[in-house]
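S.K.: Let me begin by handing over the structure; questions about it come next.
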Amino acid sequence: MNSRILMMEAGRVLVGTLVCALVLPFIVDVHTATLLTIYAMLALSLGFIWGFGGILCFGQAAFYGLGAYTYALAAINFNGAWAAFALAILVPAVFAGLLGALMFYGRLSDVYLAVVTLVVTLILFKFFNSTAGPTYRIGEARLGGFNGIPGFPTLTVPGDPGTYIYGAGLFYFTIALLALVYLGLRLTLLSPFGRIIVSLRENEERTELLGYDVRFYKSAAFALSGGLAGLAGCLFANWAEIVTPGLFSLGQSAEIIIWVIVGGLGTLIGPMIGAALLGYLKFVLGHQSAVDNSFIMGVLLIVVVLFLQEGLVPTVARFMKAGLRRPSSKKSRRQRRRKRAVSNAG
Amino acid sequence: MPGEVVLETNGLTVRFGGVTAVDRVDFALRERELRCLIGPNGAGKSTFFKCLTGMLQPSDGQVYLRGEPVSGLGPHRLARLGVGIKTQVPSVMNGLSVHENVWLAARRRSGDANAGTLQALEAVGIADLRRELVGQLSHGQRQLVELAIVLAAKPWLILLDEPAAGLSGEEVERMVGILRGLVEHATLIVVEHDMHFIRQIAETVTVFHQGRVIAQAPVEDVLEDPLVRDVYLGRSL
Ligand SMILES: Nc1ncnc2c1ncn2[C@@H]1O[C@H](COP(=O)(O)OP(=O)(O)OP(=O)(O)O)[C@@H](O)[C@H]1O
Ligand SMILES: [Mg+2]
């Protein structure tokens, strides 16, 4: 990979991030904007493993919740919140890696994979719900059952342990991290590892026949995705200043999948936009009681699945490209598809 | 000229429930040999190939590559040992470009992956297609892409399952030329139904029928064999 691509990509990400960072707080308050950014990170973690690795995980909420809980527990027990921050990425990543290895080395089919990840999420939900009472504690921290864990120390400015990162600071920190993660994933997809991941989405048998141990690559990609979901969970913990078992709920898991579908599977931008838009919609709908919230979400999903099968971002991108060209002959349509494949939509 | 035995199977057997697809096959192949495998539909040719690439584990018997038993190894291990296969149904990455497809194979070899990719594409004669999306190509072109993928990995044992199927007359000629070039530095087994094609490339032919090897001889002798004619009843040889 040459450094020119890297610089161009980094430049685009920087501009995009600055625009979002400046504009978002005018559309919604900073507090909500932070949450939308966290949702975008969570959607990105699933969008990567599902859209590029072809692995549909029904339990992304498990890694998200695990990240949040790990942060809360570690922050109470350790002195430095940054050690907790690192652990909140590491623990879900290792957990996802092990769970993935179990499934991929066991040659589980896609359907069973979905079921297993779903069940794991359910188990965690049940478990953290049932941890009320003083017997359930890790070090200094009580797990707190359905009430969750409140009052843990949040992140502080490095080198200045007295100054907490919150409000606008947390928003800028979060959106900067999102930009870094996005850039990292783009580069990952350009790297041999990323190409192998896409290759096994396209044809697992052939990838294996080329000498790649697909079980290893899938487990590694799963771990990466789990770690990113964990990072989103950690940021959520810092945003909400409380973690509850609701993070592990089936509703949460389903919501992430809907964000990705609506935004556009097979792109990195799509899931982030899907998450931010639907998160915003939910926020707006939350201020009224005329229509049921999940009803609207359901209708939206059906509309997208029926009419915008590729999702928002790929559809819009296609319309924009079509608008720039004259009505297409068969040949130019083929060229466009080719271009899309080469640039590997992002 | 063919050298020592590099591939051997002993009593190789694959059963699918009640069906015995490969039945106690003893097979031996010498270095730089080009062997053709023929047999009617369902004879077990593709299943035999799958045992040699680790895509299937035999129910019984053993496969030896250069004297080493390899049963139990997965496809990626056998690929690393230098076995390459072009499967019956083209197995390619449809959503990727021709270049990306071949690059993934070429980078497993030491050296410049892009150079290796181009070399394989040129060997097969599809360098001009390298930017095309594989899914958009014709069946014949996809066959050639898959062949380029196989070649880019530089295997010493090459298995080709019906490489001429779906090719145009011109493409078949090209395929014949490619195969003749390959024997210079690789050992090949080619499954084909097209007798005209086989006559152009093969020295020795092995005939499969109901999972068993029923004949093995130079190509003209095999076509004279009454048993083989009987198996192929209704087909013109
Ligand atoms: N995965 C499978 N499960 C069950 N039966 C199978 C399987 N694969 C192959 N068979 C059976 O094994 C036998 C051999 O099949 P195989 O595909 O090896 O034949 P072939 O010689 O390659 O035929 P063709 O010339 O049609 O490609 C057939 O009876 C087939 O139905
Ligand atoms: Mg076959």
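The values are calculated or read from the model by the stated rules, or taken from the named source; none is laboratory data. Worth saying up front: this structure is predicted, and the values here are computed from it rather than measured. As a convention, Cβ positions derive from the backbone with ideal geometry for all residues, glycine included, and neighbour counts pool all protein chains shown. The area values use the complete protein model at the heavy-atom level, side chains included, leaving out ligands, DNA and RNA. Shrake-Rupley method; radii C 1.70, N 1.55, O 1.52, S 1.80 Å.
S.K.: Looking at B:Gly135, B:Gly177 in this structure, which one is farther than 19 Å from B:Thr87 by Cβ, assigned to a helix (DSSP H, G or I) and small (Gly, Ala, Ser)?
M.R.: Residue meeting the stated conditions: B:Gly177.
S.K.: Output yes when any residue across the stretch B:199-212 is buried (at least 19 other Cβ atoms within 10 Å of the Cβ), assigned to a helix (DSSP H, G or I) and of a type in the set (Phe, Trp, Tyr), and no when none is.
M.R.: Scanning the stretch B:199-212, I find no residue that is buried (at least 19 other Cβ atoms within 10 Å of the Cβ), assigned to a helix (DSSP H, G or I) and of a type in the set (Phe, Trp, Tyr), so the answer is no.
S.K.: Regarding the stretch A:73-83, can at least one residue be identified that is at negative phi, touching a Ser or Thr at 6+ places or on another chain (Cβ under 7 Å) and in a helix (DSSP H, G or I)?
M.R.: Scanning the stretch A:73-83 turns up at least one residue that is at negative phi, touching a Ser or Thr at 6+ places or on another chain (Cβ under 7 Å) and in a helix (DSSP H, G or I).
S.K.: Working carefully through the options B:Pro163, B:Pro155, find the one that is part of a loop (DSSP other than H, G, I, E, B) and at pLDDT 95 or above.
M.R.: Result: B:Pro155 is the single residue among B:Pro163, B:Pro155 that is part of a loop (DSSP other than H, G, I, E, B) and at pLDDT 95 or above.
S.K.: Regarding the stretch B:54-63, can at least one residue be identified that is away from every other protein chain (no Cβ under 14 Å) and away from ligand 1 (no atom under 16 Å from the Cβ)?
M.R.: Looking through the stretch B:54-63, at least one residue is away from every other protein chain (no Cβ under 14 Å) and away from ligand 1 (no atom under 16 Å from the Cβ).
S.K.: Take B:Val89 and tell me if it is within 12 Å of chain A (Cβ to nearest Cβ), within 13 Å of ligand 1 (Cβ to nearest atom) and either open to solvent by 10 Å² or more (accessible area, probe 1.4 Å) or closer than 24 Å to B:Ala106 by Cβ (or both).
M.R.: Yes; evaluated as a whole, the condition is true for this residue.
S.K.: So is B:Val19 within 8 Å of ligand 1 (Cβ to nearest atom) and free of Cβ contacts under 8 Å to residues at least 24 places away in the same chain or not?
M.R.: yes
S.K.: Only one of (1) touching a residue at least 40 places away in the same chain (Cβ under 8 Å); (2) open to solvent by 70 Å² or more (accessible area, probe 1.4 Å); (3) of a type in the set (Val, Ile, Thr) fails for B:Ile38. Which number is that?
M.R.: So B:Ile38 meets the others, but not (2).
S.K.: On to the next question. I'd like to know if the stretch A:248-258 contains one or more residues that are assigned to a loop (DSSP other than H, G, I, E, B), without any contact (Cβ under 8 Å) to a residue 60 or more places away in the chain and more than 14 Å from chain B (Cβ to nearest Cβ).
M.R.: no
S.K.: For A:Phe173, state whether it is among the hydrophobic types (A, V, I, L, M, F, W, C), surrounded by fewer than 19 Cβ atoms within 10 Å (Cβ to Cβ) and over 15 Å from A:Asn238 (Cα atoms).
M.R.: Criteria not met by A:Phe173.
S.K.: Among the numbered criteria (1) closer than 27 Å to B:Arg66 by Cβ; (2) away from ligand 1 (no atom under 16 Å from the Cβ), which single criterion is violated by B:Gly211?
M.R.: Evaluating B:Gly211 over (1) closer than 27 Å to B:Arg66 by Cβ; (2) away from ligand 1 (no atom under 16 Å from the Cβ) leaves (2) as the failure.
S.K.: Need pairs with beta-carbon distance below 7 Å; first residue closer than 15 Å to B:Ala79 by Cβ and open to solvent by less than 10 Å² (accessible area, probe 1.4 Å) and within the stretch B:43-56, second of a type in the set (Asp, Glu) and within 13 Å of ligand 2 (Cβ to nearest atom); sequence gap 6+ or separate chains.
M.R.: B:Phe49/B:Asp161
S.K.: In the list B:Glu132, B:Glu122, B:Glu184, B:Glu171, which residue meets the criterion of being acidic (Asp, Glu) and under 23 Å from B:Leu65 (Cβ atoms)?
M.R.: Just a single option satisfies the conditions, and that option is B:Glu184.
S.K.: Being within 17 Å of A:Gln252 (Cβ to Cβ) and open to solvent by 50 Å² or more (accessible area, probe 1.4 Å) is the filter here, so list the residues in the stretch A:57-94 that pass it.
M.R.: A:Phe58
S.K.: What residue, of B:Leu151, B:Leu159, is buried (at least 21 other Cβ atoms within 10 Å of the Cβ), under 24 Å from B:Ala43 (Cα atoms) and within 14 Å of chain A (Cβ to nearest Cβ)?
M.R.: None of the others qualify; the one that does is B:Leu159.
S.K.: Do any helices (runs of 4 or more DSSP H) lying entirely in the stretch B:25-115 carry at least 2 residues that are in contact with a Ser or Thr (Cβ under 6 Å, 6 or more places away or on another chain), and which ones are they?
M.R.: Hits in the stretch B:25-115: B:75-80, B:98-106.
S.K.: Hey, another quick one. Looking at (1) buried (at least 18 other Cβ atoms within 10 Å of the Cβ); (2) more than 29 Å from A:Lys126 (Cβ to Cβ), which is the one condition that is false for A:Gly226?
M.R.: Among (1) buried (at least 18 other Cβ atoms within 10 Å of the Cβ); (2) more than 29 Å from A:Lys126 (Cβ to Cβ), the lone unmet condition for A:Gly226 is (2).
S.K.: Working carefully through the options B:Arg229, B:Arg142, B:Arg174, find the one that is open to solvent by 30 Å² or more (accessible area, probe 1.4 Å) and closer than 20 Å to B:Leu104 by Cβ.
M.R.: Exactly one residue qualifies, and that residue is B:Arg142.
S.K.: In the stretch A:279-286, is there at least one residue being open to solvent by less than 30 Å² (accessible area, probe 1.4 Å) and not in a helix (DSSP H, G or I)?
M.R.: no
S.K.: Let me ask something else about it. Restricted to the stretch B:93-102, and to residues that are touching a residue at least 24 places away in the same chain (Cβ under 8 Å) and either in contact with a His (Cβ under 7 Å, 6 or more places away or on another chain) or open to solvent by 10 Å² or more (accessible area, probe 1.4 Å) (or both), which residue is farthest from the other protein chains (Cβ to nearest Cβ)?
M.R.: Here the residue is B:His99.
S.K.: Return the pair list, or none, for Cβ contacts closer than 9 Å from residues in the stretch A:1-25 that are of a type in the set (D, E, K, R) to residues that are part of a helix (DSSP H, G or I), at least 6 apart or on different chains.
M.R.: Final answer for the pair search is A:Glu9/A:Leu183; A:Glu9/A:Arg186; A:Glu9/A:Leu187; A:Glu9/A:Leu190.
S.K.: Next question. When you go through B:Gly72, B:Gly82 one by one, which is the residue that is of a type outside the set (Ser, Thr, Tyr), in contact (Cβ under 8 Å) with a residue 60 or more places away in the chain and more than 16 Å from ligand 1 (Cβ to nearest atom)?
M.R.: Exactly one residue qualifies, and that residue is B:Gly82.
S.K.: Of B:Ala127, B:Ala113, B:Ala105, B:Ala120, which residue is within 8 Å of chain A (Cβ to nearest Cβ) and touching a helix residue (DSSP H, G or I) at 6+ places or on another chain (Cβ under 7 Å)?
M.R.: Testing whether each residue is within 8 Å of chain A (Cβ to nearest Cβ) and touching a helix residue (DSSP H, G or I) at 6+ places or on another chain (Cβ under 7 Å) leaves just B:Ala105.
S.K.: Report, by residue number, each residue of the stretch A:200-239 that is within 12 Å of chain B (Cβ to nearest Cβ), part of a helix (DSSP H, G or I) and closer than 21 Å to A:Leu102 by Cα.
M.R.: A:Leu200, A:Arg201, A:Glu204, A:Glu205, A:Thr207, A:Glu208, A:Val214, A:Arg215, A:Phe216, A:Tyr217
S.K.: Moving to a separate point now. I'd like to verify a number: residues in the stretch A:190-199 that are open to solvent by 20 Å² or more (accessible area, probe 1.4 Å), part of a helix (DSSP H, G or I) and in contact (Cβ under 8 Å) with a residue 40 or more places away in the chain, how many?
M.R.: Residues in the stretch A:190-199 being open to solvent by 20 Å² or more (accessible area, probe 1.4 Å), part of a helix (DSSP H, G or I) and in contact (Cβ under 8 Å) with a residue 40 or more places away in the chain: 1 in total.
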